[in-house]
Amino acid sequence: MFLLAGGHFMVDFYNNFLPVLLPIIMVRMDMSLTMCGLLVMVLSITSNLLQPIFGYFFDKHNFSKTMVYAVSLAGVFMCVVGYAPNKPVLFLLCALLGVAVSAYHPLGTSLLRKVSSKMNMGRSVSFYVAGGNIGFALAPVLVVAFLDRYPLESLPVLIIPGVLLATAYVFTNLWNLPSRSQKPSDEAVENDFKSILRNIDVVRLNLAMGFRCWTHVCVVTFLPLLMQSKGISPVMSGTLLGVFLVGSALGGLFGGEIGDRTNHKKVMAYSLILSLAPVIYFFLMPNDSMVAIIALFLAGALLMAPQPSSIVWTGHLMPQFIGVASGMMMGLCYGIGSIGAAVTAVLGDYIGLETALLISIVPVFLSIAMVIITPYREA
């Protein structure tokens with residue numbers, strides 16, 4: 001379980017290098033803001049929207065050895081961007097990074113089912129989710145510190161941890177654990193990918209978590225810009241974002257554990273309801289006071305707490321497609337959230353970023369409604 005969570009840490013760690021590298025790359029390659037936005041979009045599409053597709057194939061066939069290549073190559077593709085000779089190669093490297101990230105997420109969740117007991121599945125998923133959240137949160141801090149001492153061309157040194165972890169998968173024989181779902185379906189049609197789209201409860205949960213991600217992605221994407229527009233320094237703005245991401249990591253860690261002890265639907269509904277107060281407070285009064293910092297921390301924790309439960313719940317709804325369930329809750333939903341954040345950005349050009357971010361709370365209400373109307377059942 002810890003090795004799988006470590007892999008999630010590594011791929012999400014590499015996946016969050018780009019925001020720190022963009023200012024350097026932008027100057028080196030004479031890229032416009034639009035071109036930078038396209039680069040981020042390419043990475044977002046390949047690292048999120050491909051996850052359910054990979055999950056489908058991992059559920060049908062044993063591709064566990066993919067984890068070795070996904071973890072190691074994610075580091076390779078990201079850390080050699082400083083040697084990219086032109087924009088097409090840069091875009092290709094980011095796209096390949098996204099593919100590696102997309103491949104690992106559903107595979108890791110599928111293998112969790114093989115190394116964890118049914119009673120503690122929420123706890124296992126929480127550790128797995130927290131690993132990725134912590135890696136994602138630490139990446140900007142560590143990469144900034146690294147580049148403060150070394151040039152961009154030295155970045156390949158950071159490939160080493162990913163390669164070492166991939167080696168551990170081989171020596172522990174974890175890479176030979178079967179990923180294919182071993183639970184047969186009652187009817188042949190259930191093995192058809194189309195049956196997933198016909199499952200209205202799965203659709204509802206995808207929409208619910210997509211709406212949740214809309215608000216979460218808006219905070220992650222626009223918080224530094226909002227703070228700097230209020231005259232707060234870039235360093236403090238980055239610190240506030242770190243507070244939100246640390247809260248997210250802890251919320252993801254404890255959400256599944258609480259779901260195991262109570263009810264995953266209740267965890268999702270109550271955490272989303274409770275998230276409204278700190279999110280609304282911060283967007284109404286964005287500042288760097290202690291009260292605002294606490295609100296940001298709680299907002300991150302409560303917005304992320306539903307994710308482990310959403311993975312477990314969706315797995316109950318489609319036990320023959322565990323990889324797809326993970327790909328939906330950890331990839332597709334963030335893709336939906338990214339599209340929503342783009343809508344918020346466009347709206348911000350017309351009515352102002354602060355007002356647009358306040359409106360971005362509306363999707364949380366929609367998420368709550370979707371969770372409430374979805375019937376819950378255990379596996």
- Note down the relative contact order for the stretch 189-378 as a percent, whole number, built from C-alpha pairs under 8 angstrom at least six residues apart. 37 percent
- Could you check the simple spin-label distance between Ala369 and Leu92, using points 7 Å along Cα→Cβ, in nm with one decimal? 4.7 nm
- Query: Among Lys114/Lys266; Lys65/Lys265; Lys65/Lys266, which pairs are too far apart, with a Cα-Cα distance over 31 Å?
  - Reply: Lys65/Lys265; Lys65/Lys266
- Query: Between Phe146 and Val362, what is the FRET efficiency for a Förster distance of 56 Å, r being their Cβ-Cβ separation, to the nearest 0.05?
  - Reply: 0.90
- Give the accessible surface of the stretch 35-183 per residue, rounded to a whole number of Å², with probe radius 1.4 Å and ligands, DNA and RNA excluded. 44 Å²
- Query: In the chain, which whole DSSP H runs stretch at least 18 Å along their own axis (Cα) and average -0.5 or higher on the Kyte-Doolittle scale?
  - Reply: 2-15, 66-79, 87-115, 121-149, 159-171, 200-229, 234-261, 264-284, 290-304, 333-351
- Using the Cα atoms of the chain to build a convex hull, what is its mean projected area in square nanometres? 17.8 nm²
- Report the relative contact order of the stretch 297-379, percent, no decimals, based on alpha-carbon pairs under 8 angstrom and at least 6 residues apart. 30 percent
- Task: Give me the distance in nm between label points sitting 7 Å out from Cα along the Cα-to-Cβ direction at Asn176 and Arg377, one decimal.
- Result: 3.8 nm
- Item | Gain in span if fully extended, Leu164 to Ser229, counting 0.36 nm per residue against the direct Cα distance | 19.2 nm
- Note on the structure: Ordering 205-218, 87-100, 302-315 by per-residue average of other C-beta atoms within 10 angstrom, highest first, gives 302-315, 205-218, 87-100
- Over the chain, what is the mean sequence separation of C-alpha contacts under 8 Å (at least six apart), divided by residue count, expressed as relative contact order in percent? 27 percent
- Task: Treat each spin label as a single point 7 Å out from the Cα along the C-beta direction, and report the Asn199 to Leu38 distance in nm.
- Result: 3.8 nm
- Note on the structure: Taking alpha-carbon centroids only, the stretch 101-130 lies from the stretch 201-259 a number of Å equal to 22 Å
- Message: Expected output is a single nm value to one decimal: the length gained when fully extending between Lys266 and Met29, i.e. 0.36 nm times separation in residues minus the C-alpha distance. What is it?
- Response: 80.4 nm
- Message: What does the extension gain come out to for Lys114 and Asp349, with contour length at 0.36 nm per residue minus their alpha carbon separation?
- Response: 79.8 nm
- Probe 1.4 Å, accessible area per residue of the stretch 189-378, Å²: 39 Å²
- Task: Pop out the carbon and sulfur fraction of the accessible area of the chain as a percent, whole number, probe 1.4 Å.
- Result: 71 percent
- Return the whole-Å distance between the Cα centroid of the stretch 1-78 and the Cα centroid of the stretch 135-180. 12 Å
- Short to long, in 10 Å steps from zero, the percent of alpha-carbon pairs of the stretch 189-378 per bin is 10, 37, 33, 15, 4, 0
- What order, most packed first, do the peptides 66-73, 145-152, 252-259 have when packing is the mean number of other Cβ atoms within 10 Å of each residue? 252-259, 66-73, 145-152
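The values are calculated or read from the model by the stated rules, or taken from the named source; none is laboratory data. This structure is a prediction, so every number in the text was calculated from the model and none was measured. Cβ coordinates were reconstructed from backbone atoms using ideal geometry, including for glycine residues, and neighbour counts include every protein chain displayed. What goes into the accessible areas is simple: the full protein's heavy atoms, side chains included, and nothing from ligands, DNA or RNA. Shrake-Rupley method; radii C 1.70, N 1.55, O 1.52, S 1.80 Å.
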